[in-house]
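Asks: I'd like to ask you about the structure that follows.
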Amino acid sequence: MAATQVQPTRMELTRLKKKLVTAVKGHRLLKDKRDELMRQFLELVREDMDLRLKVEKGIRDANSNFVLAKAAMSEQTLREALIAQKQEVYVEAAYKNVMSVDVPAFTATTRTADANDIYSYGFAFTSGDLDGAVKSLSDILPDMIRLAEVEKSCQLMAQEIEKTRRRVNALEHVIIPETREGIRYITMKLDENERSTQVRLMKVKDMVLNDAHDYTGKKKQRSEEAGA
């Protein structure tokens, strides 16, 4: 805020003081928000790393079992075993507010409650490796859904952290210093005007006193002349 853009009036000084109080309070609240977002973000990042390692291991195990099953079974038998699924998974998306950030919350439900419905085939003509592959994928499904939820939450929180950081920097390095400079400039101008007014009043007072003294002297002189 350049000094030339500030009107040096008491009304403007009052407005800037109120603005400064609001800016300082907002700066403190935004810093607290940024710090809490960073804390929760780091927790989610650590959880994301653990989940990713777990999901990648589960997928590797499932792929290994599928390779073994494909080697032990004919391709036609494998296709027939997996072509008709008995189980279905439904994922519902909701949102929860975390420090003014709407992060997703996924809920997974299955069509049936029977855990054995993940196997859509009979066990007589299939390899046990296929069972292991299906079981591995079924076991890591909740972790995959949670991983998607955590990674999206991390993305949204990172955007909010960056936005909050820019606001904190704008308040800390631009708005608050400019407002304080404006207050200092107006205060200086008002003090200068007050001193100038006092000097003018003193000069006027001296002029009035001098005029009164001259008038009294002339009146006394005329009285003496009249008495003579």
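The values are calculated or read from the model by the stated rules, or taken from the named source; none is laboratory data. Just so it is clear, the model here is predicted, and its values are computed rather than measured. Every residue, glycine among them, receives a Cβ derived from its backbone with ideal geometry; neighbour counts consider all protein chains shown. We work out accessible area using only protein heavy atoms, side chains counted, and drop any ligands, DNA or RNA first. Shrake-Rupley method; radii C 1.70, N 1.55, O 1.52, S 1.80 Å.
Asks: Out of GLU92, GLU88, report the one residue that is within 19 Å of GLY122 (Cα to Cα) and among the acidic types (Asp, Glu).
Replies: Going through GLU92, GLU88 in turn, just one is within 19 Å of GLY122 (Cα to Cα) and among the acidic types (Asp, Glu): GLU88.
Asks: Moving on to the next point. May I ask you to list pairs of residues, at least six apart or on different chains, whose Cβ atoms are under 6 Å apart, with the first in the range 107-128 being surrounded by 11 or more Cβ atoms within 10 Å (Cβ to Cβ) and the second being modelled with pLDDT under 80 and of a type in the set (Gly, Ala, Ser)?
Replies: SER120/ALA84; TYR121/ALA81; THR126/ALA81
Asks: Tell me which residues, restricted to the range 66-81, are surrounded by 12 or more Cβ atoms within 10 Å (Cβ to Cβ) and of a type in the set (Asp, Glu).
Replies: Scanning the range 66-81 gives a single hit, GLU80.
Asks: Something else about it: Could you check how many residues of the range 37-65 are surrounded by 13 or more Cβ atoms within 10 Å (Cβ to Cβ) and closer than 30 Å to LEU171 by Cα?
Replies: Selection size over the range 37-65: 6.
Asks: Right, here's the next one. When ASP139 is evaluated against the numbered criteria (1) buried (at least 16 other Cβ atoms within 10 Å of the Cβ); (2) of a type outside the set (A, V, I, L, M, F, W, C); (3) in contact with a helix residue (DSSP H, G or I) (Cβ under 8 Å, 6 or more places away or on another chain), which criterion, by number, is the only one it fails?
Replies: Here ASP139 meets the rest and fails (1).
Asks: Oh, and also: If I ask for residues that are of a type in the set (Val, Ile, Thr) and either modelled with pLDDT of 80 or more or more than 25 Å from PRO8 (Cα to Cα) (or both), which ones from the range 193-216 would you list?
Replies: VAL204, VAL208, THR216 - these are the residues of the range 193-216 that are of a type in the set (Val, Ile, Thr) and either modelled with pLDDT of 80 or more or more than 25 Å from PRO8 (Cα to Cα) (or both).
Asks: Determine whether the range 20-27 contains at least one residue that is over 25 Å from GLN159 (Cα atoms), in contact with a helix residue (DSSP H, G or I) (Cβ under 7 Å, 6 or more places away or on another chain) and either open to solvent by 100 Å² or more (accessible area, probe 1.4 Å) or in contact (Cβ under 8 Å) with a residue 12 or more places away in the chain (or both).
Replies: Yes, the range 20-27 contains at least one residue that is over 25 Å from GLN159 (Cα atoms), in contact with a helix residue (DSSP H, G or I) (Cβ under 7 Å, 6 or more places away or on another chain) and either open to solvent by 100 Å² or more (accessible area, probe 1.4 Å) or in contact (Cβ under 8 Å) with a residue 12 or more places away in the chain (or both).
Asks: Moving on to the next point. Here are VAL150, VAL101, VAL174, VAL168: which of them is free of Cβ contacts under 8 Å to residues at least 24 places away in the same chain, farther than 30 Å from ARG79 by Cα and open to solvent by less than 80 Å² (accessible area, probe 1.4 Å)?
Replies: VAL174
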